[in-house]
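Chemist: Below is the structure I would like to discuss, written out as structure tokens.
The values are calculated or read from the model by the stated rules, or taken from the named source; none is laboratory data. None of these values were measured; they are calculated from a predicted model. With ideal geometry, Cβ positions are generated from the backbone for all residues, glycine too; neighbour counts draw on all protein chains shown.
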């Protein structure tokens, strides 16, 4: 199983954004594929076939999968919409929130070009596997949601006047999207309090990497890198950020993965190679027990000490990167336990322009840890109080500064690590 393909995704969430100027995503239908438009039943069978061949659980959650095919192919479908409804019904017994069907519009919305303009409120959603509630994994920085104070782990109770009871992520995304400048109200449950957030949909510019120099009286310069998501251009932006900070002779790094919901699998592997000179990065195992192991290849951009910030919003690809650095003793983790998503999805375009995201494998950290539903425990735990979370949300300029308690602790840990290694701003970099 080749796991570096760009089609493999690890994101635990859906982005509540709408692309501007998205065309057909480069997908062209053959004559045979075009027949799906005339035969909705064929798209139902295509979805069944993909799951039958690739789904990670060979028992299909103890479901008789062949009986499922017989049941749904015995029906007549008068329209594609009828077929779409049947597909969602068909895959529901798998009880896997990450295996999901997307109609053509939803598929196009998923194909977000991060170098372009987006329209939305800027939140990342997931459905809690146990409660089925819609949970905010993370607000995207400098968006209407983050500026209004929406936080990770907030539960969305209502979208405008509509209750989210029984609503899946796709339905929520459809309701939250809209035209730029239009209003929307989200009712949030935070702890035992209900909060109402009036928001205005806006253009959102998403750059996955932000970096800066932080001055310290003892260390001189510290490189601070915040990675927001593992999008297609995250590896190139990360490499440029590290090289730029190396030129400025930083003493060490704080890599901030807090509220990073994940993204493309290859991105986490490529970025891990920038920090790791050698050692395993991740192993994936499909339902047949076939595994693929990715290792560093001596292409690290720096060998200077690094501390990684994580929290409950650090998911999937973030957990691969932080797990690899922790297991290889390349970095210490500071913050709170990560989200706990150890599953890999493949997004398969279907004949009529729709698509299926199907869970095809589990992944394990280099030491063999299965972190699914368990998360990764940081080496140094630093919890934020509600007041601290609100203060940082209200003034995002304080994130990644000494006024950010988790960052302040990470800086303290970094100083200790630099003292152990005798590293300094004049140290040579890894080739």
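Chemist: So if I check each of 29, 35, which one is within 30 Å of the chain's Cα centre (by Cα), at pLDDT below 95 and more than 30 Å from residue 271 (Cβ to Cβ)? Full working, then the answer.
Modeler: Details: 35 fails: within 30 Å of the chain's Cα centre (by Cα).
On inspection, the qualifying residue turns out to be 29.
Chemist: Going by the structure shown, is residue 137 closer than 28 Å to residue 236 by Cβ and crowded, with 17+ Cβ neighbours inside 10 Å? Full working, then the answer.
Modeler: On the way: closer than 28 Å to residue 236 by Cβ: yes; crowded, with 17+ Cβ neighbours inside 10 Å: yes.
Answer is yes for this residue.
Chemist: Can you name every residue in region 400-431 that is surrounded by 14 or more Cβ atoms within 10 Å (Cβ to Cβ), at pLDDT below 90 and over 18 Å from residue 252 (Cβ atoms)?
Modeler: None - no residue of region 400-431 is surrounded by 14 or more Cβ atoms within 10 Å (Cβ to Cβ), at pLDDT below 90 and over 18 Å from residue 252 (Cβ atoms), so the list stays empty.
Chemist: Another question, if that's okay. I need the full set of residues from region 332-342 which are within 17 Å of the chain's Cα centre (by Cα) and surrounded by fewer than 20 Cβ atoms within 10 Å (Cβ to Cβ), in order please.
Modeler: Within region 332-342, 337, 340 qualify.
Chemist: Quick check, is residue 288 modelled with pLDDT under 95 and surrounded by fewer than 19 Cβ atoms within 10 Å (Cβ to Cβ)?
Modeler: For residue 288, the condition - modelled with pLDDT under 95 and surrounded by fewer than 19 Cβ atoms within 10 Å (Cβ to Cβ) - is met.
Chemist: Among (1) under 30 Å from residue 128 (Cβ atoms); (2) modelled with pLDDT of 95 or more; (3) touching a helix residue (DSSP H, G or I) at 6+ places or on another chain (Cβ under 7 Å), which single condition is residue 59 missing?
Modeler: (3)
Chemist: Considering every residue within region 278-285, establish whether at least one is assigned to a loop (DSSP other than H, G, I, E, B) and surrounded by fewer than 23 Cβ atoms within 10 Å (Cβ to Cβ).
Modeler: Looking through region 278-285, at least one residue is assigned to a loop (DSSP other than H, G, I, E, B) and surrounded by fewer than 23 Cβ atoms within 10 Å (Cβ to Cβ).
Chemist: What are the residues in region 62-91 that are within 25 Å of the chain's Cα centre (by Cα) and farther than 18 Å from residue 346 by Cβ, if any?
Modeler: 88, the sole residue that qualifies.
Chemist: Does residue 268 count as in contact with a strand residue (DSSP E or B) (Cβ under 9 Å, 6 or more places away or on another chain), assigned to a loop (DSSP other than H, G, I, E, B) and buried (at least 20 other Cβ atoms within 10 Å of the Cβ)?
Modeler: It is false that residue 268 is in contact with a strand residue (DSSP E or B) (Cβ under 9 Å, 6 or more places away or on another chain), assigned to a loop (DSSP other than H, G, I, E, B) and buried (at least 20 other Cβ atoms within 10 Å of the Cβ).
Chemist: Another question, then. Which strands (runs of 3 or more DSSP E) does region 195-246 wholly contain that include 2 or more residues that are under 19 Å from residue 313 (Cβ atoms)?
Modeler: The qualifying strands (runs of 3 or more DSSP E) are 209-216, 220-227.
Chemist: Next up: Return a yes/no flag: does region 161-179 have any residue that is assigned to a loop (DSSP other than H, G, I, E, B), within 16 Å of the chain's Cα centre (by Cα) and surrounded by fewer than 19 Cβ atoms within 10 Å (Cβ to Cβ).
Modeler: no
Chemist: State whether one or more residues within region 320-329 are in a loop (DSSP other than H, G, I, E, B) and assigned by TED's automatic domain parsing to the domain that holds residue 373.
Modeler: Yes: region 320-329 contains one or more residues that are in a loop (DSSP other than H, G, I, E, B) and assigned by TED's automatic domain parsing to the domain that holds residue 373.
Chemist: Every residue in region 345-378 that is surrounded by 16 or more Cβ atoms within 10 Å (Cβ to Cβ) and over 21 Å from the mean Cα position of the chain (by Cα), please.
Modeler: Scanning region 345-378 gives 350, 351, 352, 353, 354.
Chemist: Given the conditions (1) assigned to a loop (DSSP other than H, G, I, E, B); (2) closer than 29 Å to residue 210 by Cα, which single one is not true for residue 123?
Modeler: (1)
Chemist: In the set 342, 323, 368, which member is in contact with a helix residue (DSSP H, G or I) (Cβ under 8 Å, 6 or more places away or on another chain) and touching a residue at least 24 places away in the same chain (Cβ under 8 Å)?
Modeler: 342
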